[in-house]
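The values are calculated or read from the model by the stated rules, or taken from the named source; none is laboratory data. Keep in mind that what you see is a predicted model, and the values were worked out from it rather than measured. Positions of Cβ are generated from backbone atoms using ideal geometry, with glycine treated the same way; all protein chains shown enter the neighbour counts. Calculation scope for accessible area: heavy atoms of the full protein, side chains included, ligands and nucleic acids excluded. Shrake-Rupley method; radii C 1.70, N 1.55, O 1.52, S 1.80 Å.
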Amino acid sequence: MRAKLPSKDGFIERDGVKLYWETYGEGAETIVFLPPWSIVHSRVYKAQLPYFSERFRCIAYDGRGSGKSDRPHDVAAYSLDNYFADALAVMDATEAGEAVLVGLSFGGMLAAMVAAYHPERVKAAILIGTSGSIGPAYPYAAPQHFLARHERFEGWDKYNRAYWMTNYPDFADHFVRNIFCEPHSTKQIEDGLAWAADTTGAVLAKTVEARTIPPTLDVSEAMYRKVRCPLLIIHGDDDRIQPHARAQAVTAATGAELVTIEGGGHNPAGRFPAKCNALIADFLDRKLGKTVPKPRARRSGKKVLYLSSPIGLGHGRRDLAIARELRALHPGLEVDWLAQDPVTRMLKGSGERIHPLSRRLASESRHFELESGEHDLHCFQALRRMDEVLIANFMTFQDAVETTDYDLVIADEAWDVDHYWHEHPELKRAPLAWFTDFVGYLPMPSGGDREAALTTDYNAEMIEHIERHPDVRDRAIFVGEPEDIIPRSFGRDLPAMRDWVPRHFDFAGYILGAHPQTFGSRADLRRALGYRPDERVCIVTVGGSGVGVPLIKRILQSWPLVKRKLPEMRMILVAGPRIDPGALAAPADVDVRAFVPDLDRHLAACDLAVVQGGLTTCMELAAARTPFLYFPLGNHFEQHFHVAHRLDRHQAGRRMAFATSTPDIIADAMIAALHAPMTFKAVDAGGAARAARMLADLL
């Protein structure tokens, strides 16, 4: 899912070549993102556009030869003069006016040219991994070497016209891996290869051959000395495409600010987006004279920013329970909630304050819905493909902590905050308490060796982050007990989870929104909820997203079979806030509800529940000792491994396989569950209070 879609898009035509452009946001000032070399297109700025378009009007376009723009046949069409004229034409067509220019690689050289020869059109410029006409270059990139194979360039013999004509995918793989030479760059490499597949070796060969055409304008050092606008250069010291010494040469000629990314490759804006976005935002605030809200002075009372995971309402219920316990320990505590729908609906109903920046958050629930199939959600891959959403939401979070003086940030599985603050500890602005109920990605068997390698790499990065920067998490709290940690390894050559997790987490025990023992007797609860003594109640619920529609429809097919054998059975179907009840075509005798704010009470009062494999709902049922069937989503590693392990330990629920569960099998399992002996192990009632005491220490 895109974190933000363009507000406008279109094409301009210059000298018979169509160029595709997009605009984002409606800010008073404009940023133009200039295209790098045609091996990639404007999606290369996906980590910047959603964030900066909250403050600026942002323009991006595909350079000729890539993306949705034309691919001219003549070599001369790819001359530097044409790329330069394209930039000006797009700025004219989109009414960019006097703009900030951001250029990655070749786009950095274009930005310098526009700033030098049209200074009235450039307020400031940011060059990232810039190419240039001055400073040293890697010898393999010389045009004369491109026309003949040169083995001596340490594997760069693939930078060769003949090779591109027959082996372009292999060259693209080699080149993109050298762009992202940093460890743990698998997702950036995948993106780069996908974008590189949108053009051809023949097109790229023309762009290189066109470099032998002398430009009309002088691009010597004298050009760089003409640049008078504020200039920021961001460059990795391990850039294997454009040497760091080239950035130093441009800096010397222009007087720019140079920020070197230690260990960074050619595209730090893609590999280290949080750091680069923060650098650019700070630079523009300083150079454009922006008034940045300052954190207000520290108060007599305490103020907390609470991030509640939007994936399932159970997170919201348990976070509310923790907040209430924490307020009991710190009367007058203020809590701002940075959260998304549907959690915000529940929080508002409880009288909580929603941080106004919550409106900017890109929907994680929507992302998972788009990633899902028929009762299938490849959770690990969906998380990887959520990188654009996560960086956009992290930058929103960072804005919140930059402008308010919080005494504590509480993050319930806010993966973006944990990742980016560990990657860049200098961005941390408040003590951090981190909650999670599972630790460690696990491969699904269907993913084979490739997925096993990816999960191992992600786990290794997480372990390195925490062991390198142990002070980022001021408290890490595992929602559960040590026995709930699955007895597996983080991956090849990595530690066992049961050895590593206890060294880095405190254990709160399981945390429920409210423990069923506080609801009173089951009979009283049933009366209060309107259940008759002579009926058996089955609740079907599939969580806060739209992923559960196939399961609902399968269960509805089984309902007539159950009703025939148990006429006293009543079914209440909780579709969830993101599913249209009218689209389910439920029988008239099924009570369909879109949203039930006190669902945990209904789960404690009913006779049977049928649910997905989400941990929160399953543990609420286990605590209430309610019989239930659960259907883990296909390819959902957390539900198949972490959740199933915990439920097995509590002897709770019957696991079902959606793929092989016909309506007949589901009906028989529902009836059998009503008559099965109770074997549930007790679920601790003190988790929320225990977690609150851990947090209170930080306040």
Selection within the range 16-56 - acidic (Asp, Glu) and part of a loop (DSSP other than H, G, I, E, B): Glu26, Glu29, Glu54
The one condition in (1) at pLDDT below 95; (2) under 20 Å from Met1 (Cβ atoms) that Ser446 fails to fulfil: (2)
Flag if Phe641 is under 27 Å from the mean Cα position of the chain (by Cα), in a loop (DSSP other than H, G, I, E, B) and in contact (Cβ under 8 Å) with a residue 60 or more places away in the chain: no
Filter result (farther than 25 Å from Phe394 by Cβ, of a type in the set (D, E, K, R) and surrounded by 17 or more Cβ atoms within 10 Å (Cβ to Cβ)) within the range 309-340: Glu325
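Part of a helix (DSSP H, G or I), without any contact (Cβ under 8 Å) to a residue 40 or more places away in the chain, among the acidic types (Asp, Glu) and within 27 Å of Asp506 (Cα to Cα): does that describe Asp600?
no
So which of Tyr163, Tyr168 ends up being part of a helix (DSSP H, G or I), on the phi < 0 side of the Ramachandran plot and within 35 Å of the chain's Cα centre (by Cα)? Give the derivation first.
Values: Tyr163 fails: within 35 Å of the chain's Cα centre (by Cα).
Unique residue meeting the criteria: Tyr168.
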Test result for Arg71, surrounded by fewer than 24 Cβ atoms within 10 Å (Cβ to Cβ), in a loop (DSSP other than H, G, I, E, B) and modelled with pLDDT of 95 or more: yes
Only one of Leu629, Leu621 that is outside any loop (DSSP other than H, G, I, E, B), in contact with a Lys or Arg (Cβ under 7 Å, 6 or more places away or on another chain) and among the hydrophobic types (A, V, I, L, M, F, W, C): Leu629
Conditions (1) open to solvent by 50 Å² or more (accessible area, probe 1.4 Å); (2) at pLDDT below 95; (3) within 26 Å of Ala433 (Cβ to Cβ); number of the one not met by Ala514: (1)
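Results for (1) over 15 Å from Trp21 (Cα atoms); (2) assigned to a loop (DSSP other than H, G, I, E, B); (3) open to solvent by less than 40 Å² (accessible area, probe 1.4 Å); (4) of a type in the set (Gly, Ala, Ser), shown as yes or no for each residue.
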position: Asn82; (1), (2), (3), (4): yes, no, yes, no
position: Ala89; (1), (2), (3), (4): no, no, yes, yes
position: Gly103; (1), (2), (3), (4): yes, no, yes, yes
position: Ala124; (1), (2), (3), (4): yes, no, yes, yes
Meets criteria (within 27 Å of Ala476 (Cβ to Cβ), without any contact (Cβ under 8 Å) to a residue 12 or more places away in the chain and not polar (S, T, N, Q)) for Asp684: no
Of all residues making up the range 223-241, the number that are surrounded by fewer than 20 Cβ atoms within 10 Å (Cβ to Cβ) and farther than 26 Å from Leu288 by Cβ: 3
Every residue from the range 579-589 that is touching a Lys or Arg at 6+ places or on another chain (Cβ under 9 Å) and surrounded by 15 or more Cβ atoms within 10 Å (Cβ to Cβ): Pro581, Leu584
The listed residue being β-branched (Val, Ile, Thr), within 30 Å of Glu98 (Cα to Cα) and crowded, with 24+ Cβ neighbours inside 10 Å, out of Val250, Val343, Val304, Val259: Val250
Test: Leu674 is buried (at least 23 other Cβ atoms within 10 Å of the Cβ), within 26 Å of Phe519 (Cβ to Cβ) and in contact with a Leu (Cβ under 7 Å, 6 or more places away or on another chain): no
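Within the range 636-669, count every residue that is farther than 24 Å from Ala682 by Cα and either open to solvent by less than 20 Å² (accessible area, probe 1.4 Å) or touching a strand residue (DSSP E or B) at 6+ places or on another chain (Cβ under 6 Å) (or both).
6
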Residue under evaluation Ala392, criteria (1) in contact with a Leu (Cβ under 9 Å, 6 or more places away or on another chain); (2) surrounded by fewer than 22 Cβ atoms within 10 Å (Cβ to Cβ); (3) within 25 Å of Met1 (Cα to Cα), criterion not met: (2)
One residue from Thr199, Thr216 being of a type in the set (S, T, N, Q), outside any helix (DSSP H, G or I) and surrounded by fewer than 20 Cβ atoms within 10 Å (Cβ to Cβ): Thr216
Failed item in (1) closer than 30 Å to Arg324 by Cα; (2) open to solvent by less than 20 Å² (accessible area, probe 1.4 Å); (3) in a helix (DSSP H, G or I), with Phe438 passing the rest: (3)
The one condition in (1) touching an Asp or Glu at 6+ places or on another chain (Cβ under 9 Å); (2) open to solvent by less than 20 Å² (accessible area, probe 1.4 Å) that Val208 fails to fulfil: (1)
Qualifying residue in the range 416-425 (condition: open to solvent by 10 Å² or more (accessible area, probe 1.4 Å), in contact with a Ser or Thr (Cβ under 7 Å, 6 or more places away or on another chain), of a type in the set (Ser, Thr, Tyr) and at negative phi): no
Residues of the range 359-381 satisfying the condition of being small (Gly, Ala, Ser) and surrounded by 20 or more Cβ atoms within 10 Å (Cβ to Cβ): Ala362, Ser365, Ser372
Check on Ile59, buried (at least 23 other Cβ atoms within 10 Å of the Cβ), in contact with a strand residue (DSSP E or B) (Cβ under 6 Å, 6 or more places away or on another chain) and assigned to a strand (DSSP E or B): yes
In the range 11-40, residue least open to solvent (accessible area, probe 1.4 Å) [restricted to those that are farther than 22 Å from Arg359 by Cβ and out of contact with any Ser or Thr (no Cβ under 9 Å at 6 or more places or on another chain)]: Leu34
Failed condition for Leu615, given (1) in contact with a His (Cβ under 8 Å, 6 or more places away or on another chain); (2) open to solvent by less than 10 Å² (accessible area, probe 1.4 Å): (2)
Among the residues listed as Ala594, Ala609, the single one being surrounded by 17 or more Cβ atoms within 10 Å (Cβ to Cβ) and aliphatic (A, V, I, L, M): Ala609
